[in-house]
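The values are calculated or read from the model by the stated rules, or taken from the named source; none is laboratory data. None of the values given here were measured: they were computed from a predicted structure. Heads up, the Cβs are rebuilt from the backbone with ideal geometry, glycines too, and the neighbour counts pull from every protein chain shown. Just the protein is used for accessible areas: all its heavy atoms, side chains included, with ligands, DNA and RNA removed. Shrake-Rupley method; radii C 1.70, N 1.55, O 1.52, S 1.80 Å.
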Amino acid sequence: MLDFPRWKIWLISLTILLGLAFAIPTFLPERVFNQLPRAMQTRVNLGLDLSGGSHLLLEASTADIAKMRLVNMEEQVRTELRRGDSKIPIGDISSQNGKLSFMVRNAAQVDAAVERIRPLTQGAGMTGQRDFNVEVVDSSTIVLTPTEAGIDNAVNQAMDVAKEVIDRRINELGTREPTIIRQGTNRIVVQVPGLQDPGALKNLLGQTAKLEFKLVDTTADPTEVAQGRAPVGSEILPYPGNPSGIPVIAVKRQVMVSGDELTDATQGFDTQNGNQAVVNIRFNGAGGRKFGRVTTENVNRPFAIILDGKVLSAPNINEPILGGSAQISGNFTVESANQLGIALRSGKLPVALKVIEERTVGPQLGADSIRAGIIASCIAALGVILFMLVSYGRFGMYANIAVVINIFVILGVMGLLNATLTLPGIAGFVLTIGTAVDANVLIYERIREERRRGRSVMQSVEFGYKEASRTIFEANVTHAIAGGIMLVLGSGPVKGFAIVLLIGIATSVFTAVTFTRMIVVNWLRRTRPTEITI
Amino acid sequence: MRLLKLVPDNTNIGFVAVRKIAFALTVLLTILAVAAVGARGLNLGVDFVGGLMMEAKFDSPPPLDRVRKDIDRLNVGDVSLQQFGDPRTVSIRLPLPESSDEGATNALVAKVQGAIKAEYPGVSFSRYDAVSGKVSDELIWNGILAVMLAVVGIAIFSWFRYEWQFGVSTFVAIMHDVLMTLGFFAITQLEFDLNIVAAVLTIIGYSINDKMVIDDRIRENMRKYRKMDMKALIDLSVNETLPRTVMTSLTVTLALGALLIFGGHVLRGFSAAMLLGIVVGTYSSVYVSSSLLISLGLKPQILDRKATGLAAEGERVTARAPVDGARP
């Protein structure tokens, strides 16, 4: 017992020093912190409930993604079979029950059609998995069924793109240090510290920002259109601001130019039209040429500017627009034009996202919480320290040193892991202060017992540590089970609590058992007392 | 210097003797708790039922009836108001708007905040949560799953580690602790939110900690005093660990008391739940779980069957026998 190898002392001291060193940066002001070497920039992050800010949980509908893939597939099939000299006429196209089916008019061409479609259904990855299964039903109908792997892959890709787009949009807003992470298969968590009014952010993320230019079908019969029936090759789209009063309009299915071909979009004013807020857009080379060609061919006809499936406006083409830039008008305020500009610049979302959870904490409440948490922690620590001191004297003091070191080591480990401290995390801290001394209480009570049984000081201390260590280990394993479950299943605040609890369990065993044993042994070796007050 | 000793040396309290009363009391309290949950229900927060929660801080304590009328006039659905720790802070809960449009929630928040601001100019809104039904269903399910997994996982651990009797007695005692906590929330109608699930899990962790220490001592004594009557042995073990049980409960209570009083209103429910849990957990450790071992038929001889696995520890204990033998 009394021989405590030197290397062990060094190791313990080194561990504690490292823990302390990693804890310190958390307390440094921003300016000093930034000058530290990279390895020392370990800091405990504050959760949104402490720093104030907004938390949004966005969800994409996988059904939407699957539906969109079918629409795209339909488009691809049409183009493919219409291409080249040997056109294959098809009809009866339907995309019901999540499958795409169509009839090949000439039964003799079915095999040829399958041959031409097959390359379209190949997965993009190297897995060799198909995105769609192709089968022929009733010898003339071709059915494309999306595979599970294909859908999963599509959802995954869509979410990756969505995350990037969100990232760009939020950065455009100029907020600092947003956290954007994917969660599960079809969710994205967005956390923006310091953001007070998430309304603008929500509006921005709520826009898919799919911009399309299509020609208006002027041949359509207005009464048919009002009833929602479109001529062949056209479709009916909602047009809330239609000057004619009917909130719908018929447009050609074919897309003239789309928002994918934009290089820039900014808010501006329409000087000719009473300084209305508009969005100025600029096309890239190919887009500009396409736009120029279509506008040249369709002078004096109207075209529709469509955003997320709704027509914003349908201006007349007065002259060919060749410069590659254009103006989008449509009842904007300066703010909404600005938001659309940002959304267009950052690209369209591959899928619409819905906010399914939203939490906002004001900075004042966050600051209050931190202050209350610190006061509570200090009072808790003080109470426990006093209590231990009057109960165990010198040994109580050792336990107290261990508790204080433990607090810093927890912070150090959290900094090292870049963990986030939440309000329940502070509660975890306070609780850890209370339970950390439990190990010492176990040991000291055992030493008292052994002394009462008539063992010598040395033997009692040795037995106390040895016997209690087993109990401490077992008790902490079960405690850690509870903590581990919280970490895995808990969300947000519960997770923050679990992190502190788990780190606290690990570090408290070290400080309360190993560290105090070192000091106790050191003291015993120096003074060799025959009687101890405990 | 004379040190503080809360529990005198060598206590000999007959915990096992009163076990029938303790069991009866425990069963009664548990039934009451379950009945309270059944009758009054839990005041589930938006985390678990979905909806919109706003926290408003007024200049001076507002007349709740008037605030309610002000909001009712907006025709935004069933509003529920609750004072939040101090009388100036009020939580306002509303159902989420039917429309799935992104702007709808924003508009609702703006409408309610505007109306209240017009009546009480000094008011400030410090946070708001909007949780959709889908998310709240997941959260409630995850919470139940987490608690069940924790209880079962720990019971299985102590079953493998010791005897099945330990597993069962621990399971029973922890279920009691959890149900009592739920009963407390049903009676006080404090808001039951995500943080409280964390509190319940912590109570489980703490309570199990307590029981492990006593169980561990029982096991040690079973090996030490093979001929001792089980009742006496359990009493001895509980008495031997009593100073530690009291000391630790007190230090944790101290820490939690500080949190309850000074930790701010957001953590108040959490701290209250934890404090109650410590009291209940300590009670069930001392009076219920250990005494239950007798009713479950735990006998010292049981260890003999497992002796091979514990040979190494057994040797150590034998070596100590002369010293220990002097005691009882």
Across the stretch A:326-373, the tally of residues that are out of contact with any Gly (no Cβ under 9 Å at 6 or more places or on another chain), among the basic types (Lys, Arg) and facing another protein chain (nearest Cβ under 9 Å) stands at 0
Within the stretch A:374-388, restricting attention to residues that are aliphatic (A, V, I, L, M) and more than 7 Å from chain B (Cβ to nearest Cβ), which residue is farthest from B:Leu260 (Cα to Cα)? A:Met388
Positions within the stretch A:440-464 being aliphatic (A, V, I, L, M), open to solvent by less than 10 Å² (accessible area, probe 1.4 Å) and over 13 Å from A:Val520 (Cα atoms), in sequence order: A:Val441
Name the one entry in A:Gly259, A:Gly268, A:Gly245, A:Gly285 that is on the phi < 0 side of the Ramachandran plot and without any contact (Cβ under 8 Å) to a residue 40 or more places away in the chain. A:Gly285
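On the basis of being under 35 Å from the mean Cα position of the chain (by Cα) and surrounded by fewer than 16 Cβ atoms within 10 Å (Cβ to Cβ), does B:Ser80 make the cut?
The answer is yes for B:Ser80.
Let's see how each residue does on (1) at the interface with another protein chain (Cβ under 10 Å from one of its Cβ atoms); (2) among the β-branched types (Val, Ile, Thr); (3) part of a helix (DSSP H, G or I):
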{"position": "A:Ala436", "(1), (2), (3)": "yes, no, yes"}
{"position": "A:Glu462", "(1), (2), (3)": "no, no, yes"}
{"position": "A:Tyr465", "(1), (2), (3)": "no, no, yes"}
{"position": "A:Thr478", "(1), (2), (3)": "yes, yes, yes"}
{"position": "A:Ala498", "(1), (2), (3)": "yes, no, yes"}
{"position": "A:Thr511", "(1), (2), (3)": "no, yes, yes"}
Check B:Asn142, B:Asn195 and return the single one that is open to solvent by 40 Å² or more (accessible area, probe 1.4 Å), at the interface with chain A (Cβ under 8 Å from one of its Cβ atoms) and polar (S, T, N, Q). B:Asn142
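So which helices (runs of 4 or more DSSP H) stay within the stretch B:1-98 end to end and still have 1 or more residues that are within 14 Å of another protein chain (Cβ to nearest Cβ)?
Ranges flagged: B:46-49.
Examine the stretch A:416-424 for a residue that is in a helix (DSSP H, G or I) and at pLDDT below 85, and state whether such a residue exists. Break it down into steps so the answer makes sense when it comes.
So in the stretch A:416-424, the residues in a helix (DSSP H, G or I) come out as A:416-417, A:423-424.
Applying the additional criterion that residues be at pLDDT below 85 yields A:423-424.
Yes.
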Count, please, the residues in the stretch A:201-223 that happen to be more than 18 Å from the chain's Cα centre (by Cα) and either touching a residue at least 24 places away in the same chain (Cβ under 8 Å) or assigned to a loop (DSSP other than H, G, I, E, B) (or both). 14
Here, helices (runs of 4 or more DSSP H) confined to the stretch A:30-119 with at least 2 residues that are free of Cβ contacts under 8 Å to residues at least 40 places away in the same chain and within 24 Å of A:Arg253 (Cβ to Cβ) are A:62-82, A:110-117
Given (1) surrounded by fewer than 20 Cβ atoms within 10 Å (Cβ to Cβ); (2) modelled with pLDDT under 85, where does A:Val189 come up short, assuming only one miss? (2)
Of all residues in the stretch A:137-181 being open to solvent by 70 Å² or more (accessible area, probe 1.4 Å) and not in a helix (DSSP H, G or I), the one that is modelled with the highest pLDDT: A:Ile181
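Conditions tested, residue by residue: (1) within 30 Å of B:Ser91 (Cα to Cα); (2) within 10 Å of chain A (Cβ to nearest Cβ).
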| position | (1), (2) |
| --- | --- |
| B:Met148 | no, yes |
| B:Gly153 | no, yes |
| B:Phe157 | no, yes |
| B:Glu163 | no, no |
| B:Phe166 | no, no |
| B:Thr170 | no, yes |
| B:His176 | no, no |
| B:Thr181 | yes, no |
| B:Gln189 | yes, no |
Return the residues of the stretch B:258-288 that are open to solvent by 40 Å² or more (accessible area, probe 1.4 Å), within 11 Å of chain A (Cβ to nearest Cβ) and without any contact (Cβ under 8 Å) to a residue 12 or more places away in the chain; say none if nothing qualifies. B:Ile261, B:Phe262
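Considering each of A:Val251, A:Val279 in turn, give the residue that is touching an Asp or Glu at 6+ places or on another chain (Cβ under 8 Å), open to solvent by less than 60 Å² (accessible area, probe 1.4 Å), in contact (Cβ under 8 Å) with a residue 12 or more places away in the chain and part of a strand (DSSP E or B). Working first, answer last.
On the way: A:Val279 fails: touching an Asp or Glu at 6+ places or on another chain (Cβ under 8 Å).
None of the other options fit; the residue is A:Val251.
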Test A:Ile485 against the criterion of being β-branched (Val, Ile, Thr) and more than 17 Å from B:Ile154 (Cα to Cα), and give yes or no. no
